[in-house]
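Everything below concerns the one structure shown next.
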Amino acid sequence: MNAELFYDYIERISCFFRSEIRLAGIEYDLHPIQLNALYFLNRCNRYSDTHQGVSEYFGLTKGTVSQTLKTLENKGLITKEQDKQDGRVFHLKVTEEGEKLIESFLPTQTGKRALKTLDDETQTQLVESLRQLLQSMQKSNEMKLFGICRTCRFNQNRGKAGIFCELTQESLSRTDIGLICREYECQEA
Ligand code: SF4
């Protein structure tokens, strides 16, 4: 495999999305990081939708994250909800307005359109290969994995009893298992 070619393709695809995010930012008067944080909060689960989750996911300082979240909150795109068990923790929930923005968010639409140009099998293979690649890069850089719940080693399907997280000892819904989690660990770990 030609590593340069691989890098070129990934770099061009990233560049394409970055450019679309910049354009969307101009349209919605948001910085790219603010749009990305909003998107992440809409894709992550209840263990990850916190100030710390955003900070770890993007590798940003607390100060930068605070500013980012404040802007999203001031624009009515997210709200804070106090955790029922731990009053010190606040969950950042995307509002209806925020969801509408994400739905019209160009990179999301572009990603969907791009995938549709490939047949189903190629789409599945591509997504799986990218998942494996991302995980191996995260591991070698000792980064938190932030994977999708359904492939986590703690995810247990107990048949009629439902789906369960062995780590948190809580039940998971069908929606939960499609979300990003900061506690994720891959199967082979
Ligand atoms: S099963 Fe894994 S990814 Fe899912 S909620 Fe539990 S720790 Fe997070």
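None of the figures in this text is laboratory data; all of them are computed from the coordinates on show. Every value quoted in this text rests on a predicted model; they were computed, and no experiment measured them. Cβ atoms come from the backbone with ideal geometry, glycine included; neighbour counts cover every protein chain shown.
Which length gain, in nm to one decimal place, applies between Asp119 and Met143 when the Cα-Cα distance is subtracted from 0.36 nm times their residue separation?
5.4 nm
Hey, in the GNM for the chain with a 10 angstrom Cα cutoff, which one of Gln85, Gln34, Gln132 fluctuates hardest?
Gln85
Which distance in Å, rounded to a whole number, links the C-alpha centroids of region 150-189 and region 1-79?
Their Cα centres are 25 Å away from one another.
Please say if region 137-189 is rounded, prolate or oblate, where rounded means a/c under 1.5 for a ≥ b ≥ c the square roots of the C-alpha gyration tensor eigenvalues, and otherwise the choice is prolate for a/b larger than b/c and oblate otherwise? All intermediate terms of the calculation are to be shown ahead of the outcome.
Working: a/c = 2.62, a/b = 2.14, b/c = 1.22.
Prolate, because a/c is 1.5 or more and a/b exceeds b/c.
When the scattering of region 69-157 is computed by the Debye formula from its Cα atoms alone, each counted once and equally, what is log10 I(q)/I(0) at q = 0.14, 0.25 Å⁻¹?
One equal scatterer on each Cα of region 69-157 leads to -0.88, -1.09.
For Cys44, which sequence-distant residues (separation of 5 or more, or a different chain) have an amide H within less than 5 Å of its own amide H, given hydrogens modelled in the peptide plane?
Amide H to amide H, under 5 Å and 5 or more residues apart or across chains, Cys44 pairs with Ile180.
In what order do Ile180, Ile10 fall by count of nearby beta-carbon atoms within 10 Å, going from fewest to most?
Working: Ile180 21, Ile10 12.
Fewest-to-most Cβ neighbours within 10 Å comes out as Ile10, Ile180.
Please return the longest range in the chain lying between exposed loop sites, taking trypsin sites (Lys or Arg not before Pro), DSSP loop only, at most 12 other beta-carbon atoms within 10 Å, and leaving the sites out.
Working: sites that count: Lys84, Arg88, Arg158, Arg174.
Free of exposed loop sites, the longest segment is 1-83.
Roughly how many debye, to the nearest 20, is the charge dipole of the chain about its Cα centre, given +1 on each Lys and Arg Cβ, -1 on each Asp and Glu Cβ, and no other charges? It would help to have the intermediate numbers written out before the result.
Numbers: 25 positive and 27 negative charges, 68 e Å.
With only Lys, Arg, Asp and Glu charged at Cβ, the dipole is about 320 debye.
Starting from the Cα of Lys100, draw a straight line to each of the lysines and keep only those under 29 Å, dropping any in the same chain fewer than 8 residues away.
Cα-Cα hits under 29 Å: Lys62, Lys70, Lys75, Lys80, Lys84, Lys112, Lys116.
For the chain, what is the mean residue ellipticity at 222 nm derived from helices alone (per DSSP H run of n ≥ 4: -39500 (n - 2.57); sum divided by total residues; nearest 500 deg cm²/dmol)?
-17000 deg cm²/dmol
Taking the Cα centre of region 137-189 as the origin, how large is its charge dipole in debye, to the nearest 20, when only Lys and Arg (+1) and Asp and Glu (-1) carry charge on their Cβ atoms?
Details: 8 positive and 7 negative charges, 40 e Å.
For this selection, approximately 200 debye.
Let me make sure I get this right: for the chain, a, b and c are the square roots of the gyration tensor eigenvalues over alpha carbons, sorted descending. Under 1.5 in a/c it's rounded, otherwise prolate if a/b > b/c, else oblate. Which is it? Before the final figure, lay out each step's value.
Details: a/c = 1.56, a/b = 1.04, b/c = 1.49.
Note, shape of the chain comes out oblate.
For region 42-47, what does the Karplus curve 6.51 cos²θ - 1.76 cosθ + 1.60, with θ = phi - 60°, yield as ³J(HN,Hα) per residue in whole Hz, taken in order and with x for Gly and Pro?
Residue by residue, region 42-47 yields 7, 10, 9, 8, 5, 8 Hz.
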